[in-house]
1. Considering only residues that are under 26 Å from residue 74 (Cβ atoms), modelled with pLDDT of 95 or more and not charged (D, E, K, R), which ones fall in the range 160-182?
2. Failed condition for residue 195, given (1) at pLDDT 85 or above; (2) crowded, with 18+ Cβ neighbours inside 10 Å; (3) within 17 Å of residue 59 (Cα to Cα), with all others met?
3. For the range 347-366, state whether one or more residues are in a helix (DSSP H, G or I), within 30 Å of residue 175 (Cα to Cα), modelled with pLDDT of 80 or more and not charged (D, E, K, R).
4. List the number of the failed condition for residue 213; all other conditions in (1) surrounded by fewer than 20 Cβ atoms within 10 Å (Cβ to Cβ); (2) at pLDDT 90 or above hold.
5. Give the residue that is nearest to residue 178 (Cα to Cα), with candidates limited to residues of the range 316-343 that are modelled with pLDDT of 80 or more and among the aliphatic types (A, V, I, L, M).
6. Among (1) within 13 Å of residue 362 (Cβ to Cβ); (2) among the basic types (Lys, Arg); (3) exposed (fewer than 14 other Cβ atoms within 10 Å of the Cβ), which single condition is residue 285 missing?
7. Could you please let me know if residue 122 is over 19 Å from residue 211 (Cβ atoms), more than 27 Å from the chain's Cα centre (by Cα), surrounded by fewer than 17 Cβ atoms within 10 Å (Cβ to Cβ) and assigned by TED's automatic domain parsing to the domain that holds residue 100?
8. Across the range 288-300, which residue is surrounded by the most Cβ atoms within 10 Å (Cβ to Cβ) among those that are assigned to a helix (DSSP H, G or I) and not polar (S, T, N, Q)?
Amino acid sequence: MNSLLIRIKQSKLLSSLLIFGFVISILLISIGISFVTNLIYAQKAKDNNSPPNGEVYSISYSKINNTHNQVMYNLFSNINKDTGLFINYLMFHVDGADVNSYSQCSGEIFTDDKVWHIPLAKGNYYSSSDIAKGNKVILIGSSLEKYTYKKGKDILIKVEGDEYRVVGVIGFSNQSSEWDQRMAMPCTSLPQKYLKKNLKKDRDPITFVIYNSNGDYSQSIKKVTSNGKKYFDDFALDDLGPITSKSVLNLVASNMDKLILVAIIGYIITILFAINITAFWIDKRRYEISVRKAFGFTNGSIMKMIFKEMIGFAIISFIIAIIIQFVLSVVVGSIANYTLQLYLPNLAIGLVVVLVTALITTLIPAIKAIRVEPAEALKARMG
């Protein structure tokens, strides 16, 4: 390490250029892998966020004949066993949160526990039995965990004044997602405060999504329509069409081949930069190498010294790259609301790729340098 520090002091500009080339190479590789990793997680989230063959419907009505949660169960309970349904766009206030803060909630119903579920980061999912009984159970996003409290062995949370038992956390354990801010509960256990305010009066239509694996829920919709006419006045059901997902992810996916090409070109350019700097660095040391040979240093010891210094430069570059990517992750996250995850394995891969490339490219100019006779190098230096 001391010899490396001496080397840096003696050749500040050259050492800085070498470290700069390594840092850029490591960062581009790491950020590229991080971006692809984020895309994979985003695609996974996209696949899990939307149920299979989801169709959106809207219920309009003038009055509901009962505000009890059982009405919801009676409305949706006899859908086909292979079909699931959730009421969306419910906005509830979590006790303890800012007074003007509301979290989106889905009110679910299913009779078969094997249907599609919201992605679960930890814990358990509530069951069809919980839905049938109207149990006060809930799934929450990770950002809502701070509002929970313990009572005995149970973890509880209050939503619109109603107390719920938290059975699981939705989302992904290793990646942020839209579920972090959301909740889900049986549609048979919606807060009474919400029911009294929003179902009894003529309010906005109830929007729900129905889904199954084959996309055929005509029988279930007929049952919902028949039930609706029993419990709602002026009941009407409108098909709003399938769930669509228009996002940046789709744009990226459609241009993935171009992005890969740009990434390859960028990688080649940065690696070539590192190669040229490495070759230039060794070429500038021919005189020093010749002097060492004149004092009895063997070719093997000189090669070992060069490789050790190269590894030292790579390690310094790796540390700098970690700091830079951490700062970038914070800045990008605060400005663009995009999480540029700092994955240490990606940085390590970048380090290994750059180090191996540098060692390989160091080999040829180093061999050329040690083959120069000391007298010839000294003569060139004096001339």
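1. 164, 167
2. If we test residue 195 against (1) at pLDDT 85 or above; (2) crowded, with 18+ Cβ neighbours inside 10 Å; (3) within 17 Å of residue 59 (Cα to Cα), just (1) comes out false.
3. no
4. (2)
5. 327
6. (3)
7. Working: over 19 Å from residue 211 (Cβ atoms): yes; more than 27 Å from the chain's Cα centre (by Cα): no; surrounded by fewer than 17 Cβ atoms within 10 Å (Cβ to Cβ): yes; assigned by TED's automatic domain parsing to the domain that holds residue 100: yes.
Judged against the criteria, residue 122 is not a match.
8. The first filter runs over the range 288-300 and keeps only residues assigned to a helix (DSSP H, G or I), leaving 288-294, 299-300.
Restricting the remaining residues to those that are not polar (S, T, N, Q) gives 288-289, 291-294, 300.
Working: 288: 15, 289: 23, 291: 15, 292: 17, 293: 19, 294: 13, 300: 9.
If we take residues in the range 288-300 being assigned to a helix (DSSP H, G or I) and not polar (S, T, N, Q), then 289 is surrounded by the most Cβ atoms within 10 Å (Cβ to Cβ).
The values are calculated or read from the model by the stated rules, or taken from the named source; none is laboratory data. These numbers were taken from a predicted model, which means no experiment stands behind them. So basically every Cβ, Gly included, is an ideal-geometry build from the backbone, and we count neighbours across all protein chains shown.
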